[in-house]
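Okay, structure first, notes after.
Nothing in this text is a laboratory measurement; each read-out follows from the coordinates by a stated rule. Treat the numbers as computed from the prediction; the structure is a model and nothing was measured. Glycine gets a Cβ as well: all are built from the backbone with ideal geometry, and neighbour counts include every protein chain shown.
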Amino acid sequence: MIISTLAAAQVAVEAMNPWLKSSITAVLVFGGLIHIVPGLIYFERRISAWIQDRIGPNRVGPVGVLQPVADAIKLIFKEDVTPEGINRAIYTLAPVLVYAPAILAFTVIPVGIDLQVANFSVGVIFLLTIGGFSVYGLAFGGWASNNKYSLLGGLRASAQMVSYEVALILSVIAILMTAESVDLNAIVRSQWAPGTLGFLGWNLFQQPIAFVIFFIAAFAETNRLPFDLPECEAELIGGYHTEYSSLKFATFFLGEYVAMVTMSGLLVTLFLGGWSLPWVEIPALPLTADIALSVLIFLGKLAFLLFVYIWVRWTLPRFRYDQLMGIGWKVLIPLALVNLALTALGGIFDWNWLIPLPG
Amino acid sequence: MTSVSYDLFALAIFAGLTVIVGAGLLALSELVGPRRRDPEKNTTYECGVPLFDSAREPFTVKFYLVAILFILFDIETVFLLPYAVVYKQLGVIGLVEMGIFLLVLAAGLLYCWRRGALEWD
């Protein structure tokens, strides 16, 4: 029964027009990204409640699963207050400028064996370029609101994001050196190693310094705790989105959560072996069933990382702004440069600093 | 070659969906929902006290300094990206050249650091 269904699916996918296949992938990934956000918000609230030993949302629908839907409906029917003295065009555009780059950057992340919306051989560069545009949305939104708190929040957000972007890209370059490629699928394949200890091939173990830098910078790039200074409620009300209400606020929120998913997806791909499993050989000519399985593996790793994001949020306190900039410029960037030098020396002279690969 | 055009097609569909959803969200927030204006509500938020001046004021120059440093180091990463892919073929000569380049930039970072450009007070 299952085998015949899989065989039928295989035939159907093989017979499919490639244009149709591309469009279906694009629509599915887009829909998945948009719909993962309400689920993520629900789980964030439930897990927060669990960590803080309270109940959390449990009224709307069974165990509160419809809470995000209720929130969305409420936000749609809220009044859209646009204060006087704003720069209307920039003010209106800013939320979309936050959300669009975050979601567009996901197009190159492989969610399954050679399966992504757009397979460019320069995937990493595309992702870093598009992802960098989010800074404009935050800075514009903060400035255009004509509010001192928004202005400070926008400035803090942009300064923080550009500072950590350097450390982030430098740590990614170390990964590109181990994989000797900028193609994300090739990076996933380079992390695969045979045997029970095959997971040691993951860049998490092969490039531990780069992993630590990337992990910290990912939190700062997505403005999550412990680096959520642009919007820390106690000092800046809501930061750059103080003056936004109704669905414009929701768009900022959407962009923030999609950016979190994109960052986790990139982290899975670069450091945790992406869609591959260490004990399972990657098929040269993957069947539809193999691709489906690899998508599930990717989603499992992604879900774990998203849980880590929430977990960290309720574990660590917020940094002070000078500490934040200090860590970025005085610790992470020098460390990333040292890591690059170590990687280059190790690669050229065959000095193995790290755990030897099995097999 | 054709496979690239499929990818571009998929990217175009994805970008189209992004724009449609973004515009839809903005339009919905303008169209749906009540519209009850009053002069108090239309002022920007200032901790519940009457607004006393505009936010269009000069702010600390530190933020510009960070932006300038970012541009320098971002260009450094742009130079490193192609090197990362071919560093094994370039061998020792490439390593020495990249090493000199990185040392110059590291010296620049150290200079900024010692001059206090990285301090926030």
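Listed values, structure above:
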{"item": "Hits among aspartates and glutamates - C-alpha to C-alpha of residue A:330 under 15 Å, sequence gap 8 or more where chains match", "result": "A:165, A:322, B:119"}
{"item": "Candidates B:17, B:90, B:51, ranked by Gaussian network fluctuation over chain B, Cα under 10 Å, top entry", "result": "B:17"}
{"item": "Helical contribution to [θ] at 222 nm, DSSP H n ≥ 4, -39,500 (n - 2.57), averaged over chain A, rounded to 500", "result": "-21000 deg cm²/dmol"}
{"item": "Under-5 Å amide H pairs with residue B:44, H placed in peptide plane, nonlocal only", "result": "A:84"}
{"item": "Net charge over other residues, Cβ less than 15 angstrom from the Cβ of residue A:116 (K, R count +1; D, E count -1)", "result": "-1"}
{"item": "Qualifying trypsin sites (Lys or Arg not before Pro) for the stretch A:1-101 [loop in DSSP, other Cβ within 10 Å: at most 14]", "result": "A:54, A:59"}
{"item": "Entries in A:74/A:148; A:78/A:148; A:21/B:88 that, when Cα-Cα distance is taken, lie over 30 Å", "result": "A:21/B:88"}
{"item": "Integer Hz, Karplus 6.51/-1.76/1.60 couplings in order for the stretch B:11-22, x for Gly and Pro", "result": "4, 5, 4, 4, 5, x, 4, 4, 5, 4, 5, x"}
{"item": "Given chain A, longest segment not containing exposed loop GluC sites (Glu not before Pro) (DSSP; at most 16 other Cβ within 10 Å)", "result": "A:181-280"}
{"item": "Local electrostatic count, residue A:314, Cβ distance below 14 Å [Lys/Arg +1, Asp/Glu -1]", "result": "+3"}
{"item": "Projected label distance in nm at residue A:277 and residue B:53, using a 7 Å step from Cα toward the beta-carbon", "result": "6.5"}
{"item": "Low-density loop positions, chymotrypsin sites (Phe, Trp or Tyr not before Pro), the stretch A:251-359 - DSSP coil, at most 14 other Cβ in 10 Å", "result": "A:279, A:314, A:351, A:353"}
{"item": "Residue range of chain B that is longest and free of trypsin sites (Lys or Arg not before Pro) which are both DSSP loop and sparsely packed (at most 15 other C-beta within 10 Å)", "result": "B:57-114"}
{"item": "Taking chain A and dividing mean pair separation by its residue count, relative contact order in percent (alpha carbons under 8 Å, at least six apart)", "result": "24"}
{"item": "Radius 11 Å from Cβ of residue A:102, net charge of other residues (Lys, Arg +1; Asp, Glu -1)", "result": "-2"}
{"item": "Sparse-neighbour loop sites [trypsin sites (Lys or Arg not before Pro); the stretch A:264-359; at most 14 other C-beta within 10 Å; DSSP]", "result": "A:320"}
{"item": "Over 22 Å [Cα-Cα, the stretch A:153-245], rounded percent", "result": "44"}
{"item": "Vicinal HN-Hα couplings computed from phi for the stretch B:101-107 (Karplus, 6.51 cos²θ - 1.76 cosθ + 1.60; Hz; Gly/Pro x)", "result": "4, 5, 5, 4, 5, 5, 4"}
{"item": "Axial C-alpha extent at least 30 Å, average Kyte-Doolittle at least -1.0 - helices from chain A (DSSP)", "result": "A:18-51, A:148-179, A:246-271, A:288-313"}
{"item": "Backbone HN-Hα couplings from phi across the stretch B:84-96 [Karplus 6.51/-1.76/1.60, Hz, Gly and Pro as x]", "result": "4, 7, 10, 5, 6, 5, 6, x, 5, 4, x, 4, 5"}
{"item": "Other-chain or far-sequence residues with amide H under 5 Å of residue A:318's (modelled H)", "result": "none"}
{"item": "Other-chain or far-sequence residues with amide H under 5 Å of residue A:245's (modelled H)", "result": "A:81"}
{"item": "Choice from B:61, B:19, B:49 showing the highest fluctuation, given a GNM over chain B with Cα pairs closer than 10 Å", "result": "B:19"}
{"item": "Kirkwood hydrodynamic radius (C-alpha pairs) into Stokes-Einstein, the protein assembly as shown, 10 °C and 1.306 mPa s, D in µm²/s", "result": "66"}
